[in-house]
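Asker: Here it is: the structure, laid out below.
The values are calculated or read from the model by the stated rules, or taken from the named source; none is laboratory data. Fair warning: this is a prediction, and the values are worked out from it, not measured in the lab. Here the Cβ positions follow ideal geometry from the backbone for every residue, glycine too, while neighbour counts run over all protein chains shown.
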Amino acid sequence: MNEKRYRVVALGKPNEDQATELHMKRYIEQFPHAGELVLFDRSWYNRAMVEPVMGFCTRRQYQQFMDDVISYEENFITDGKTTLLKLYFSVSKEEQARRFERRKNDPLRQWKLSEVDLQAQELWAEFTEKKFRLLQKTHTKTLPWYIIRSDDKHLARLETFKIILSTVRYIGRSRTLDFNLDPEIAIPGDKEAKIMKKNWRKYGKYEC
């Protein structure tokens, strides 16, 4: 990919000024220009997952975000100039533990391990519950979530490519390419929420 046309944005903790501003503002400031692709490595949905679980925001801030986020996103896409894709890369608890252990002991991967990651296994149930609430509240027909089963990284990346390429129009697309998603890897957010709800009723937890 041409680095002049894409950016990866991984925002850290808000500074003192940003903490007093609209939560979405610092993300909007990073939005793409015409012809540009921006990949947010964790987006404004930090407020729906990490922040409430870790105590980085108040309950009121969390609820206000959940109530308002779809209206913001609809404004982002209303002029037809911006395409918004919401991708949730999901791994099993066992695979997450294996990857974290490898990162702890591999000097080339230690940079990937954050303070939040170190607590993720202990807070698995809390994060899973917030995932369910997120899908229930913020998956819509015009702004859907795609859940990508990511225990197999190769398959996860392949299905992600399909989603991006089938969503964005571009010249020179080959009609021989198969863009049909693997239903075992790429799952619509509303379907994932139904699976999680069924698991809750059957097992008393959102994942089994």
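Asker: For Phe127, are the conditions met, namely being of a type in the set (Phe, Trp, Tyr), in contact with a helix residue (DSSP H, G or I) (Cβ under 6 Å, 6 or more places away or on another chain), surrounded by 13 or more Cβ atoms within 10 Å (Cβ to Cβ) and not in a loop (DSSP other than H, G, I, E, B)? Give the derivation first.
Answerer: Values: of a type in the set (Phe, Trp, Tyr): yes; in contact with a helix residue (DSSP H, G or I) (Cβ under 6 Å, 6 or more places away or on another chain): yes; surrounded by 13 or more Cβ atoms within 10 Å (Cβ to Cβ): yes; not in a loop (DSSP other than H, G, I, E, B): yes.
Here the answer is yes, as Phe127 does meet what is asked.
Asker: Among the candidates Ile171, Ile148, single out the residue that is closer than 30 Å to Gly35 by Cα, in contact (Cβ under 8 Å) with a residue 40 or more places away in the chain and of a type outside the set (Gly, Ala, Ser). Spell out the reasoning first.
Answerer: Values: Ile171 fails: in contact (Cβ under 8 Å) with a residue 40 or more places away in the chain.
That would be Ile148, the only listed residue that is closer than 30 Å to Gly35 by Cα, in contact (Cβ under 8 Å) with a residue 40 or more places away in the chain and of a type outside the set (Gly, Ala, Ser).
Asker: Another question about this same structure. Could you give every pair whose Cβ atoms fall below 8 Å, whose first residue belongs to the range 9-38 and is surrounded by 11 or more Cβ atoms within 10 Å (Cβ to Cβ) and at pLDDT 90 or above, and whose second residue is aromatic (Phe, Trp, Tyr) and in a loop (DSSP other than H, G, I, E, B), counting only separations of at least 6 or pairs across chains?
Answerer: Val38/Phe31
Asker: Would you pick out the residues in the range 26-38 that are under 16 Å from Ile77 (Cα atoms) and under 21 Å from the mean Cα position of the chain (by Cα)?
Answerer: Tyr27, Ile28, Glu29, Gln30, Phe31, Pro32, Glu36, Leu37, Val38, listed by residue number.
Asker: Looking at Val69, is it more than 25 Å from Leu158 (Cα to Cα), out of contact with any Pro (no Cβ under 6 Å at 6 or more places or on another chain) and at pLDDT below 95? Walk me through how you get there before you give the answer.
Answerer: On the way: more than 25 Å from Leu158 (Cα to Cα): yes; out of contact with any Pro (no Cβ under 6 Å at 6 or more places or on another chain): yes; at pLDDT below 95: no.
It is false that Val69 is more than 25 Å from Leu158 (Cα to Cα), out of contact with any Pro (no Cβ under 6 Å at 6 or more places or on another chain) and at pLDDT below 95.
Asker: Here is a list of conditions, (1) surrounded by 13 or more Cβ atoms within 10 Å (Cβ to Cβ); (2) free of Cβ contacts under 8 Å to residues at least 60 places away in the same chain; (3) assigned to a loop (DSSP other than H, G, I, E, B), and Glu95 meets all of them except one; can you say which number that is?
Answerer: (3)
Asker: In the range 40-62, which residues are of a type outside the set (D, E, K, R), part of a helix (DSSP H, G or I) and out of contact with any helix residue (DSSP H, G or I) (no Cβ under 9 Å at 6 or more places or on another chain)? Talk me through it step by step, then tell me what you get.
Answerer: Residues of the range 40-62 of a type outside the set (D, E, K, R): 40, 43-46, 48-50, 52-58, 61-62.
If we keep only those that are part of a helix (DSSP H, G or I) too, we end up with 44-46, 48, 50, 52-54, 61-62.
If the condition is that a residue be of a type outside the set (D, E, K, R), part of a helix (DSSP H, G or I) and out of contact with any helix residue (DSSP H, G or I) (no Cβ under 9 Å at 6 or more places or on another chain), then Asn46 is the only one that fits.
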